[in-house]
1. I'm told Gln13 meets every condition in (1) in contact with a strand residue (DSSP E or B) (Cβ under 7 Å, 6 or more places away or on another chain); (2) loosely packed, with under 14 Cβ neighbours inside 10 Å except one. Can you identify the failing condition by its number?
2. Being farther than 22 Å from Ser25 by Cα and of a type in the set (A, V, I, L, M) is the filter here; which residues of region 86-103 pass it?
3. Take Val78 and tell me if it is out of contact with any Gly (no Cβ under 9 Å at 6 or more places or on another chain), in a strand (DSSP E or B) and over 15 Å from Pro14 (Cβ atoms).
4. Can you find a residue that is more than 28 Å from Gln1 (Cβ to Cβ), free of Cβ contacts under 8 Å to residues at least 40 places away in the same chain and of a type in the set (A, V, I, L, M, F, W, C) anywhere in region 79-96?
5. For region 69-85, what are the residues that are under 19 Å from Phe29 (Cβ atoms) and open to solvent by less than 20 Å² (accessible area, probe 1.4 Å)?
6. Looking at region 86-108, can you tell me whether even one residue there is in a loop (DSSP other than H, G, I, E, B), surrounded by fewer than 15 Cβ atoms within 10 Å (Cβ to Cβ) and either touching a Leu at 6+ places or on another chain (Cβ under 7 Å) or of a type in the set (A, V, I, L, M, F, W, C) (or both)?
7. For the structure I just gave you, tell me whether Asp89 is acidic (Asp, Glu), under 23 Å from Met103 (Cα atoms) and out of contact with any helix residue (DSSP H, G or I) (no Cβ under 7 Å at 6 or more places or on another chain).
8. Of all the residues that make up region 35-46, how many are in a loop (DSSP other than H, G, I, E, B) and open to solvent by 60 Å² or more (accessible area, probe 1.4 Å)?
Amino acid sequence: QVQLVESGGGLVQPGGSLTLSCAASGFNFGSVSMRWYRRAPGKERELGATIGVGGLLTYPASVKGRFTISRDNAKNMVYLQMNNLKPEDTAVYYCTTDWSFKMWWGPGTQVTVSS
């Protein structure tokens, strides 16, 4: 059974940093792309970052230059380093992947950026 469990969220002041982690199990981690999505209150979900099998990184304009996604295939972990956080980054952040013709989601971790 695929499991994705996020951690590392919390309350941070504007301009601060957080690192999110996602522990993955139940599938061949090294053979799939991993993504971070986020959903802010009252908004549609937004793709935050993607890391491909070969390490190809993609980011939306809203986070490019501030967020960095990485993975550790030996540990089945994916990370999201978030710097210079803004109030508009406040959201629940989800780790996701595609496996066995289905998109899998973790339960999410809350990130709140506020002074």
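The values are calculated or read from the model by the stated rules, or taken from the named source; none is laboratory data. All values reported here derive from a predicted model rather than from experimental measurement. When we count neighbours, we look across all protein chains shown, and the Cβ atoms used for this are built from the backbone with ideal geometry, even at glycine. The accessibility values were calculated without ligands, DNA or RNA, using every heavy atom of the protein model including side chains. Shrake-Rupley method; radii C 1.70, N 1.55, O 1.52, S 1.80 Å.
1. Status for Gln13: all satisfied but (1).
2. Of region 86-103, the ones farther than 22 Å from Ser25 by Cα are 86-91.
Result: Ala91, single match.
3. Working: out of contact with any Gly (no Cβ under 9 Å at 6 or more places or on another chain): yes; in a strand (DSSP E or B): yes; over 15 Å from Pro14 (Cβ atoms): yes.
For Val78, the condition - out of contact with any Gly (no Cβ under 9 Å at 6 or more places or on another chain), in a strand (DSSP E or B) and over 15 Å from Pro14 (Cβ atoms) - is met.
4. Checking region 79-96: not a single residue is more than 28 Å from Gln1 (Cβ to Cβ), free of Cβ contacts under 8 Å to residues at least 40 places away in the same chain and of a type in the set (A, V, I, L, M, F, W, C).
5. Listed by number, the residues that qualify are Ile69, Val78, Leu80.
6. Restricting attention to region 86-108, the residues satisfying the condition of being in a loop (DSSP other than H, G, I, E, B) are 86, 90, 100-101, 106-108.
Within this subset, residues satisfying the condition of being surrounded by fewer than 15 Cβ atoms within 10 Å (Cβ to Cβ) are 86, 100-101, 107.
Pick out the ones that are also either touching a Leu at 6+ places or on another chain (Cβ under 7 Å) or of a type in the set (A, V, I, L, M, F, W, C) (or both) and you get 101.
Within region 86-108, one or more residues are in a loop (DSSP other than H, G, I, E, B), surrounded by fewer than 15 Cβ atoms within 10 Å (Cβ to Cβ) and either touching a Leu at 6+ places or on another chain (Cβ under 7 Å) or of a type in the set (A, V, I, L, M, F, W, C) (or both).
7. In short, no.
8. Qualifying residue count, region 35-46: 5.
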